[in-house]
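Structure first, commentary second.
The values are calculated or read from the model by the stated rules, or taken from the named source; none is laboratory data. Quick caveat: nothing in here was measured; it's all calculated off a predicted structure. All Cβ positions, glycine included, derive from the backbone under ideal geometry; neighbour counts span all protein chains shown. Surface areas here come from the heavy atoms of the whole protein model, side chains and all, with no ligands, DNA or RNA. Shrake-Rupley method; radii C 1.70, N 1.55, O 1.52, S 1.80 Å.
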Amino acid sequence: MDDNGPMISQSLQDTFTAVDGYIDSQLVPSDLALDFARHTSEAAGLPQIAVTPSQGKLLHLLARSVGAVNILEIGTLGAYSTIWLARALPEDGRLVTLEADPKHAAVARGNIANAELSDRVELREGAALETLPELAAEGLAAFDFIFIDADKENNANYFEWALKLSRPGSMIFIDNVIREGAVVDEVSKDPMVLGVRRLNEVLAKESRVLATTIQTVGAKGYDGFTLALVLKAC
Ligand code: SAH
Ligand code: DHB
Ligand code: MG
């Protein structure tokens, strides 16, 4: 929040990371395809901003809880979260994931194939604000679960698209909405913070969803997510 470095002390961060390690060791066993996705992403120099294992499992649990058959992900990176989500699908289910960066998309495709999920995952390359209208024009079935995790500046736009592409009962999950607490800074000029604040202005006025936001700490520091349940179709 200030310019004097991270607001979470190293010792506190070490504790968050150790606790995540403990939770993973008890509840989130490692897995060859997920480990491969993380390693290839790192080796290719992708930013190390994928969800943590326990967050990936939360996405998986939520998608399964709503009985998701069609999942939309905005922001693929190396497909780490994609794999968690796609594994929540039944055999005839489908996940569409949107990625703007061709290098990220190439790594992701390899990881999706390695996880033997190519039959149910479709990666669409391009800026999401260009691929989302294409998806809508195709008139596919509504998405049951939508994970918004791309450029935070466009969060409000992605949320509007998510509503258009959903049905009553769909769940929308938006990542990284706390930004080490910077979200409360009313004079922030950080485009990511502005993007989250704009999303909250939209959510506050939106009667078609029930939403809440949860702050989190863990191996990725202090952040949080918004969960919205669609009540009414557009
Ligand atoms: N969901 C991933 C992390 C995504 S990181 C995981 O948890 O494993 C955010 C991704 O969004 C990056 O790969 C970035 O290239 C992509 N992105 C950024 N701007 C975008 C845009 N306009 N359209 C689509 N993808 C975008
Ligand atoms: C950033 C993006 C993410 O999706 C994330 O989980 C963490 C950080 C970022 O762009 O800084
Ligand atoms: Mg994220």
* Asked: At what distance in nm do the modelled label points of residue 24 and residue 114 sit from each other, each positioned 7 Å from its Cα along Cα→Cβ?
  -> 1.5 nm
* Structure fact -> Put 214, 23, 71 in order of accessible area, largest first, probe 1.4 Å, and you get 214, 23, 71
* Asked: In nm, to one decimal, how far is the residue 134 label point from the residue 227 one, both placed 7 Å along Cα→Cβ?
  -> 3.3 nm
* Structure fact -> Computed over the chain, the relative contact order (Cα-Cα under 8 Å, seq sep at least six) in percent reads 19 percent
* Compute the accessible area per residue over the chain, keeping the other protein chains in place, probe 1.4 Å, unit Å². => 49 Å²
* To do: Sum -39500 (n - 2.57) across every DSSP H segment of at least 4 residues in the chain, then divide by the residue count to get the 222 nm mean residue ellipticity, nearest 500.
  => -13000 deg cm²/dmol
* **Neighbourhood charge, 11 Å Cβ-Cβ cut-off, centred on residue 78 and excluding it, Lys, Arg +1 and Asp, Glu -1** => 0
* Subtracting the Cα-Cα distance from 0.36 nm times the residue separation, let me have the gained length for residue 187 to residue 200 in nm, one decimal. => 3.1 nm
* **Residues with amide H under 5 Å from that of residue 121, placed H, sequence gap 5 or more** => 95
* Using a simple charge model, +1 on the beta-carbon of Lys and Arg, -1 on the beta-carbon of Asp and Glu, nothing else, what dipole does region 10-230 show about its Cα centre, in debye to the nearest 20? -> 380 debye
* Asked: Taking GluC sites (Glu not before Pro) that fall in a DSSP loop and have at most 13 other Cβ atoms within 10 Å as cut points, what is the longest piece of the chain between them?
  -> 1-90
* Asked: Put +1 on the Cβ of every Lys and Arg and -1 on every Asp and Glu Cβ in the chain; which of 85, 169, 183 then has its Cα farthest towards the positive end of the dipole?
  -> 169
* Asked: What does the convex hull of the alpha-carbon atoms of the chain project to on average, in nm²?
  -> 12.6 nm²
